[in-house]
Amino acid sequence: MFDLHARLVWLLPLRLCCGWFLAISGFGKVESGWLTQPLVLGKVEAALQAGTAYRFYIPVLHQALHHGQAVSIAVALLELCAGAALLVGLVSRGAALVGFVLIANQLLLLGDASSSPLLPLGAALLALLACPSGRVLGLDALLWGTRQGLRRGARE
């Protein structure tokens with residue numbers, strides 16, 4: 001048990017940095033009006049006109065154009081919630097998965113992902129997805145500990 005806890009401590013700064021980035025990004029979107037206006041359409045239309053998006057991703061972008069307001073709301077709230085969940089360590093693997101999907105969508109929209117500054121964030125979120133990082137100074141530790149206690153009690 002201590003060995004796992006000691007290894008997970010090294011992921012705490014990574015989890016906090018990823019959570020901070022996602023939460024600030026989501027809060028910026030909420031503050032700039034993504035919940036009331038389909039602001040994602042500007043990015044999608046610019047990518048389609050410039051031809052920067054990957055070819056296999058273009059049908060997804062066309063669907064996003066038809067549901068601009070819903071996509072704007074979803075992106076803003078998912079970034080904000082995933083970031084907040086990573087910051088407090090609540091359902092950290094699920095939050096890392098949501099964050100990774102959002103970053104992957106942005107990378108696919110931009111096209112040339114190899115030179116994007118979002119690439120390290122995507123890699124960091126993949127690392128957090130592979131490990132239960134919320135068990136160190138996070139709410140996952142409380143939830144996991146409670147479930148373990150319930151399992152032990154059921155066996156006895």
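Observations on the structure shown:
- Tally of residues being buried (at least 23 other Cβ atoms within 10 Å of the Cβ), assigned to a helix (DSSP H, G or I) and over 12 Å from the mean Cα position of the chain (by Cα) across the range 78-90: 0
- The residues of the range 1-37 include none that are outside any helix (DSSP H, G or I), closer than 20 Å to Ala124 by Cβ and modelled with pLDDT of 90 or more.
- The range 19-32 residues that are of a type in the set (Gly, Ala, Ser), paired with ones that are outside any helix (DSSP H, G or I) (beta carbon under 8 Å, 6 or more apart): Ser32/Leu39
- So Val75, is it buried (at least 17 other Cβ atoms within 10 Å of the Cβ), part of a helix (DSSP H, G or I), touching a His at 6+ places or on another chain (Cβ under 9 Å) and not small (Gly, Ala, Ser): no
- For the range 106-121, the tally of residues that are in contact (Cβ under 8 Å) with a residue 40 or more places away in the chain and either among the basic types (Lys, Arg) or over 24 Å from Pro13 (Cα atoms) (or both) stands at 5.
- Residue match in the range 42-54 (condition: in a helix (DSSP H, G or I), within 18 Å of the chain's Cα centre (by Cα) and either loosely packed, with under 15 Cβ neighbours inside 10 Å or not hydroxyl-bearing (Ser, Thr, Tyr) (or both)): no
- Extreme residue, nearest to the chain's Cα centre (by Cα), among residues of the range 111-128 that are under 15 Å from Thr52 (Cβ atoms) and either surrounded by 13 or more Cβ atoms within 10 Å (Cβ to Cβ) or of a type in the set (Asp, Glu) (or both): Leu118
The values are calculated or read from the model by the stated rules, or taken from the named source; none is laboratory data. Note that the structure is predicted; figures quoted are calculated from it, not measured. FYI the Cβ positions are ideal-geometry reconstructions off the backbone, even for glycines, and counts take in every protein chain you see.
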